[in-house]
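Below is one structure, written out as structure tokens; the observations come after it.
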Amino acid sequence: LDFIPLGLTAKITVLNLAHNRIKRIQSQDLQQAVNLRALLLQSNRISSIDEDSFQSLAKLELLDLSNNSLSHLSPVWFGHLFSLQHLHLQGNSYRDLGQSSPFSSLRNLSSLHLGNPQFSVIRQGNFEGIELLHKLWIDGSNLSQYEQGSLKSIKEINHMIINIRSINVFSEIVRDLLHSVTWLEVRRIAFSTGAEMQVLRVISSSFAKKISFRETLLTDATVPEIVSILEDMPKLVELELVDCRLLGTGHWRMQIQAKQSQTLKVFTIEKLSIEEFYLFTDLQAVENLLSLLTRVTVRNTKVFLVPCRISQHLQSLEYLDLSANLLGDLSLEHSACRGGWPSLQTLNLSQNSLSDLEMTSKSLSHLGNLTVLDISQNNFGEIPDVCEWPDNLKYLNLSSTQIPKVTGCVPRTLEVLDVSANNLKEFGLELPFLKELYLTGNQLKTLPGAAPIANLVALSVRRNKLNSFSKEEFESFRRMELLDASDNNFICSCEFLSFIHHEAGIAQVLVGWPDKYVCDSPLAVRGARVGAVRLSLMECHRSLVVSLICVLVFLAILLLVAVAYKYHMVWYLRMTWAWLQAKRKPKRAPPKDVCYDAFVSYSENDSDWVENTMVRELEQACPPFRLCLHKRDFVPGKWIVDNIIDSIEKSRKTLFVLSEHFVQSEWCKYELDFSHFRLFDENNDAAILVLLEPIQSKAIPKRFCKLRKIMNTKTYLEWPLEEEQQQMFWFNLKIALRS
């Protein structure tokens, strides 16, 4: 769209015109859309907005003008948007926000996103009128000038995101946000030297509760300074590093003073890139800072070992996520050493390199407070019959661990067990306290025995191979509240559905075969009562019908192949393709493109005579003939059929050396095929036939009927065995080539 469509009325509440080619918003475009709540105009080419374009949009709550071509922002645009809560202005071409505040009338504004690569100046008064923001996002990658006090008018900002490169400008901004920002997120800034960090010392006075660094560069010289600054922050609770890069190996040149912040409890690292991670130290310098941390996440950071001393200093740790790292069985044993993680309740070790479940369980067995353990997406394979686990373990995730069979290794204390996406064919463990069991994506053909898990309230057996339930199986599941058995191979019937709901007494059952059949309380299928539903043959016996269709399709393909083989269908297809290619080209090549006197078509078995006798005689004649031979003159890498077609078209004559071997050669057939269309159909004398040896007419394939006719009606040269007659043969052949 090049403009906003006409005819917008008061019935419209959401208008999405993103990703068009609109260049201008005019006064009358939105005049009637008085009930508009959301207006999405991002990714257009808007460079001009009439001053009263949004005058009638008093109910508008979301306005997205991002990624357009606005060179300035006018306060008049937003003067009547009294209900506006979300405003997106990033990705335009304005260099500043003007001399005053464009947002002074937006009293209900909750989130504001502005900035672009050209945005360079923030002036005092630019944010007047805004007192409270849930989120403020400033893209200031090239911000070079910030007037002190510009952001001070905003009393409270819950989440401040700033993309900035200049540390000096960043320091000035932070000075204005010391008491107003709850969560400060800094992106794409580089902390390279210790001297730079002195400018940021002002952050230590900030009341922010959470600090996030994204795509930030850190070095061995700046890490100690950052830690020192963050420790002085009086209310800091959470520190987050995401997609950051650390240059160094942890040999920090100045000792970190362990003032031990009393407020920092949560520390998160995700995708931290350490180029020389295999040389990284044991972090002894920071071990005294860890004792009060309660939640630590180090995800996707190539961690292969947590030093024992670090684990022992994490005295208050309750939650630890080490997923998507490189921990192995031996390194886990060292990381979870005696005295380490004494308060740990939740541990996530998914997507690591663990392979021995017995060793894993033993390494964690001393963690007396551990109740939740996720070791999914490791590669355990066969598991032993007996394992040693923490005494209070209640939740265990063993999904996607290549387990072919569950054994007594699984702890009896569990209340929740997830063994989805394995290769289980049966489940018969005695787990008296189990309440939730997840068996999705296995090979089960029957429900797990309910007697050993009498307290089960939720069971998921989706994507297995179940085909029916017996009444006996359901009798033992009386207490169950949820059964999800969708995507299986049930032989369906309305009576079966009714039994599940009415007799088994399960509150919520999902069986879906296909997924459109979802049975809930009261039991219904597509809104109809079970008794009124009539299922089709395809719905009741889907596997059987699909198998039958596959067999019939296979037999049809087999019959088609047999017919094609018997009646030379492949040959006809090849000929059709060659003919279509030939039809696209001119009847004769231009004289300037003809560069050979003759293209020689012969069998490989006759190559000795052709290459050592005929070629030598003709190419050494006076004047010499220029012959095209496939061995010598075909273009390497080009399709062979194209080589044949091009060679014939670039030659004045085509010389066929006929023999018993010739008519049996597959590639000689191709050359004859093309000649059949291009030469013989044109009734010219471009083809010269040389009979190297007597050949029976019946030996020529019947499908080359015109070739047989030409051999019967036109003269051809026959190679004489007598030496005195060979001179006459060469004389006649040269005459034919020059004609």
If I ignore ligands, DNA and RNA and count only protein heavy atoms, how much of H334 is accessible to a 1.4 Å probe, in Å² to the nearest 10? 90
Spin-label model distance (nm) - L1 vs Q262, 7 Å beyond Cα toward Cβ: 5.9
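Determine the shape class of region 73-117: with a ≥ b ≥ c the square roots of the Cα gyration tensor eigenvalues, call it rounded for a/c under 1.5, and otherwise prolate if a/b is greater than b/c, oblate otherwise.
Note, shape of region 73-117 comes out oblate.
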Most to least packed among 10-18, 210-218 [average Cβ atoms within 10 Å]: 210-218, 10-18
In nm, give the distance between the simple-model label positions of L573 and K445, each being 7 Å from the Cα along the Cα-to-Cβ direction. 4.0
Sorted peptide list for 405-415, 132-142, criterion being average Cβ within 10 angstrom, highest first: 132-142, 405-415
Once you have a ≥ b ≥ c as the square roots of the Cα gyration tensor eigenvalues for region 1-128, tell me rounded if a/c is under 1.5, and otherwise prolate or oblate according to whether a/b is larger than b/c. oblate
Run the quick spin-label model on S144 and A454: label points 7 Å from Cα toward the beta carbon, then report their separation in nm to one decimal. 7.9
Could you pull out the pairs from K362/K425; K265/K394; K135/K155; K235/K265; K210/K235 whose alpha carbons sit more than 18 Å apart here? K362/K425; K265/K394
Potential lengthening between K465 and D243 on full extension [0.36 nm per residue; Cα-Cα distance subtracted]: 75.7 nm
Quick check on packing: order 619-629, 651-661, 363-373 by the mean number of other C-beta atoms within 10 Å, highest mean leading. 651-661, 363-373, 619-629
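The values are calculated or read from the model by the stated rules, or taken from the named source; none is laboratory data. Just so it is clear, the structure is predicted and the values come from calculations on it, not from any experiment. With ideal geometry, Cβ positions are generated from the backbone for all residues, glycine too; neighbour counts draw on all protein chains shown. Note: accessible area is taken over every heavy atom of the protein model, side chains too, but ligands, DNA and RNA are not part of it. Shrake-Rupley method; radii C 1.70, N 1.55, O 1.52, S 1.80 Å.
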